[in-house]
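Everything below concerns the one structure shown next.
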Amino acid sequence: MKIFFVTPSFFPATYYGGPIFSTYNLARALTKNGLDIRVISTNANGKERLDKPTGIFIKDSENLQIKYYKSLDSRGTSISLLTNLKNDLKAADIIYLVSVFSPPTPLTLYLSKKLNKPLVIAPNGELGSWCLNQGSRFKKLWLKLFISPFIKRIYWHVTSEDEEKMVRAVYPNAKTFVLPNGIDLEEFSSLPFEKNKSFYDTYTGFSCAGKKIIVSMGRLHKIKGFDILIEAFHALQKEFSNAVLLIAGEDFGEKSNLEKMINQYNLNNKVFLVGKLDGDEKLEFLHNADVFALASHHENFGMVVVEALACGCAVVISKKVGIYQQLMNYDGGIIVDNDSDGIKKGIIELLSDNQFVKNKAANGLRFVEEKYNVKNIANELVDIFSAIIGDWNDTSAY
C-alpha cells in the first residue's frame, strides 16, 4: 500500500511545533509496518530553511522516503513542489494531506480528483472555531473555493471526538474517523525515575533545589493562553512563594506581551521564557518538573500534554484541550476551566500533596501507554486505509 503525505513542512522543521512531530511519528510507524510511505514537502522551517537536498526522494534511518522542495517563505510556498506534484502523486494509493489552509492544499485536492485518488485530510485543529475566527473572511472564502467543491471526496482524520464535532460543524456530512496522534514510547524509556531539579539552574541562574517547578511548552502565540498561566502563577504566590514557572517555546508574536506581564507582576525572578527546546533537553525539561500546565484557548489534541505525561509529569489542562475527556476517564490529571482561577486551583491541588501528584502522574503514564503508542495507532490506521481503498473502489459517486 502506497500512502503519499503532502505537507507544507516536515521534520526536522521543529519551528512549527506539535504537528511536525505527530506527522513524523505516524509516517515512521507506518513505514515500519511495511507500507510504502512517501512524504512530499518543503524545506520551510520558519525564517530558516532545512539543510536537506531538494527535489529528490531521500531515505531516513527508518527507510521513510521524503522529498523536500525549495520553499519561498515560512508557509511552505514552493513553485517546484506545485510543478512536480502531479508526477509525485501518480503512484499513490491514498493521498494524505496535512493542513487545510496551506499552499499545496488546492492543487492537491484538484489532483486527487484528476488522478482519481482517495484523499485523507488531517486538519490539525484548523477547523476549530477559535482558529476559523482568526482571519475569518479569508478562511471562509478559502473553504468555499478550495474545500467545499471536493467535500464528497475527502476523508477527515480527526484526533479527538471534539475535533470531529468541529469538522462536522463546518461540514455536517463529512466522512470522519477518529484516531489520536501517537508517540514513540521508546524515546522516553531512558528517562531516570528520580527528578533532578538542578536541571533548571541553567535557565534561572539560581539553584532550583527545593523549589516547586511548574513548566509549560508551546509556541508563544496567543492561542496558547500563556497570559492566563502567568496570571494564575502570580495569584498562587501566597500559597507557594517558592514556585518557579518556566515556559519553553519559539516566539510567534506573543513574547513581548508576556514579558510585559512578567514585569508588571514583578515576576522577573520567578517566570522564565527559555526558548524552543528539542530532543533530550525537551524531555528532561518536562520530566523534572512537579507540574505541567497548559491553558490553551484551543488544542484539537494536545501532543505536548501526551509528551509531558510520558515523561512522568502530572498535568493541569483546560477543557479546551482535545484529550481532556479521555484523560479524565483515567483520572490522569487535573481538568479545569480555561481561566486563571481554574489553572491556579489545579496547580495548587497538585503541589499541596506529594502522594496525590504521584498518583496522577502514574495514571497519566498508564493513559499514554494504553492509548497513544504510535505502533498501535499505525496498526489501526493500516486497517482504516484498507477500508478507504475498498470503499473507493466500490463507489462510483466520486
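The values are calculated or read from the model by the stated rules, or taken from the named source; none is laboratory data. Please read all numbers here as calculations on a predicted model, not as lab measurements. Glycine gets a Cβ as well: all are built from the backbone with ideal geometry, and neighbour counts include every protein chain shown.
Computed values, structure above
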| read-out | value |
| --- | --- |
| Residues located in the range 111-156, provided they are over 21 Å from V321 (Cα atoms), in contact with an Asp or Glu (Cβ under 9 Å, 6 or more places away or on another chain) and either touching a residue at least 40 places away in the same chain (Cβ under 8 Å) or not assigned by TED's automatic domain parsing to the domain that holds V98 (or both) | P118, Y155 |
| Members of the range 16-49 that are closer than 25 Å to L220 by Cα, assigned to a strand (DSSP E or B) and not hydrophobic (A, V, I, L, M, F, W, C) | S41, T42, N45, K47, E48, R49 |
| Qualifying residue in the range 26-35 (condition: in contact with a Phe, Trp or Tyr (Cβ under 9 Å, 6 or more places away or on another chain), without any contact (Cβ under 8 Å) to a residue 40 or more places away in the chain and not β-branched (V, I, T)) | yes |
| Residue, nearest to the chain's Cα centre (by Cα), within the range 25-49, restricted to residues that are within 22 Å of K224 (Cβ to Cβ) and surrounded by fewer than 24 Cβ atoms within 10 Å (Cβ to Cβ) | N25 |
| Within the range 178-289, strands (runs of 3 or more DSSP E) holding 3 or more residues that are of a type in the set (S, T, Y), on the phi > 0 side of the Ramachandran plot and within 26 Å of the chain's Cα centre (by Cα) | none |
| Search result, residues across the range 333-375 that are within 30 Å of K32 (Cβ to Cβ) and β-branched (V, I, T) | V368, V374 |
| Failed item in (1) surrounded by fewer than 20 Cβ atoms within 10 Å (Cβ to Cβ); (2) among the basic types (K, R); (3) in a helix (DSSP H, G or I), with K52 passing the rest | (3) |
| Every pair of residues 6+ apart whose Cβ atoms lie under 8 Å, when the first sits in the range 346-363 and is surrounded by fewer than 18 Cβ atoms within 10 Å (Cβ to Cβ) while the second is in a helix (DSSP H, G or I) and of a type in the set (A, V, I, L, M) | F356/L350 |
| Flag for N354 being farther than 19 Å from V178 by Cα and modelled with pLDDT under 90 | yes |
| Residue within the range 42-52 that is in contact (Cβ under 8 Å) with a residue 40 or more places away in the chain and charged (D, E, K, R) present | no |
